[in-house]
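Worksheet: one structure, shown below.
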Amino acid sequence: MAADEKADGLQARALRPWNVLAIALSAISPTTSVFLVYGSGLSAAGTGIVWAFLIGGVIALGMALCYAEVGSVFPSAGGAYTIVRRALGPVWGGMTGILFLVLGLTSTASILVAAATYLSSLIPGGLPVGWVALAMMVLVTALSVGRISPASWVAAAMLGLELAVILVFTGFAFVHAAPANHPFTAPVIAGDGGALGAVGLAGLLAAVVPALFAFNGYDWPLYFAEESTGTRRTLPRAVVLGAGIAVVVEILAVVAATYAIGDVAKTAADESPLSLIAHQVMGPVGATVLIAGVVVAMFDTGLAANLGYARIYYSTARDGLLPGPIGRFFGPCRRGRRCPYAPSRSCSWATRSSASTAALTT
């Protein structure tokens, strides 16, 4: 039996470079990232958020280069978990694996509940958020338990839609730049009573934290090392290229949005500053399109997250980190599908439980 036809292994050479890059960018999700963190960055650093994203982008690119280097040395479906385990030993590797296991049980649920919440805001009268999130998880599960290649193309298609939305928003925001706004040379922040003042170093550094979160996800190609062609070249390039594209797109969007702010105090106090800016520069229809793009982007991120965490579960089980019966349950790949079937289902079950709880309380 050929190596790529083993019942207990992942499907070798199933992903080409562009598929891996699409998954990486879907995990980062520039549209979701900017939409979610812009408000906290604006509150902390005012219009100095542009500098926070520039600093965060430099740090993210440096981290991406590190991940690319060590990922090429330790290519495995475990990704960062495997890197820590092989570099620092089983104890630290085990701790890292456990952290990923916990994240896998909560992150996708949070993303899809947020997506359902934004989708509900687009519908007059709203929608039952919990049930919508549950339906999204069912679809994510269906895509996750099949072969990886079709799921990667679905992720790529949704990625194209979200990038189109954020780039159109960026263009409109640049066109409607406020003449008196100078975020690079004279950044300001709203203080008590709406009075504007200079941005302090503490506020600027505080805004770097959400900026770093916005760029997170560039390590995701590493979790598909055993299913990619040209692993030692494809994965490092996907990590660095994914990070580079995300940094450029997000910084452009943040700079454009910040230049378009007419009233810093009003915008910073709004629950969703980016929606407010979109409404001002694109009108109500444009703002609706932006939120629809955010929903698509969040669903895409949920899919990419579920695919990645399932492979970490699979890798930890294969390495013997999980107890006997649990390890035997998570370890094998289902014959014919060539994906970590049980881990994918388990991530989905946890997410569906969270979504079901939300459904029962709405």
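Only the coordinates and a few stated rules stand behind these numbers; no lab work does. These numbers were taken from a predicted model, which means no experiment stands behind them. Note that each Cβ is placed from the backbone with ideal geometry, even for glycine, and that neighbours are counted across all protein chains shown.
Data overview
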item	result
Amide H contacts of Val188 (H built 1.01 Å from N, under 5 Å, at least 5 apart or other chain)	Thr47, Gly48
Rounded D (µm²/s) - the range 191-319, Kirkwood Rh over Cα pairs, Stokes-Einstein at 10 °C, 1.306 mPa s	89
Amide H partners (placed H, <5 Å) of Leu196, local residues excluded	Gly191
Rg(Cα) / (2.2 N^0.38 Å) computed for the range 158-199, rounded to two decimals	1.66
Degrees, to the nearest 10: 49-73 long Cα axis against longest axis of the chain	10
Sorted by Cβ density within 10 Å, fewest first, the residues His176, His182	His182, His176
Mean separation of Cα contacts under 8 Å (6+ apart) over length of the range 1-95, as relative contact order %	9
Length gained when the stretch Lys266-Val73 is fully extended (0.36 nm per residue, less Cα-Cα span)	64.5 nm
Volume per residue that the Cα convex hull of the chain spans, once the total is divided by residue count, Å³	139
Principal-axis tilt of helix 273-318 within the chain, Cα atoms, nearest 10 degrees	20
Loop-resident sites, the range 214-323, for trypsin sites (Lys or Arg not before Pro), counting at most 15 other Cβ within 10 Å (DSSP)	none
Cut-off 20 Å, label 7 Å out along Cα→Cβ of Ala292, residues of the range 21-42 by amide N	30-33, 35-36
Full-stretch length increase - Leu88, Val138 - with 0.36 nm per residue and alpha-carbon distance subtracted	14.2 nm
Separation of the Ala178 and Trp153 label points, Cα + 7 Å toward Cβ, nm	4.7
Gyration tensor verdict on the range 4-75 (Cα atoms; rounded if a/c is under 1.5, prolate if a/b is larger than b/c, oblate otherwise)	prolate
Cα long-axis angle, helix 129-144 against the chain (0 to 90 degrees, to the nearest 10)	40
Total charge dipole magnitude, the range 10-360, about the Cα centre, Cβ charges on Lys, Arg, Asp, Glu only, Debye to nearest 20	1640
5 angstrom amide H check on Ser228, placed H, neighbours 5+ away	Arg13, Ala14, Leu15
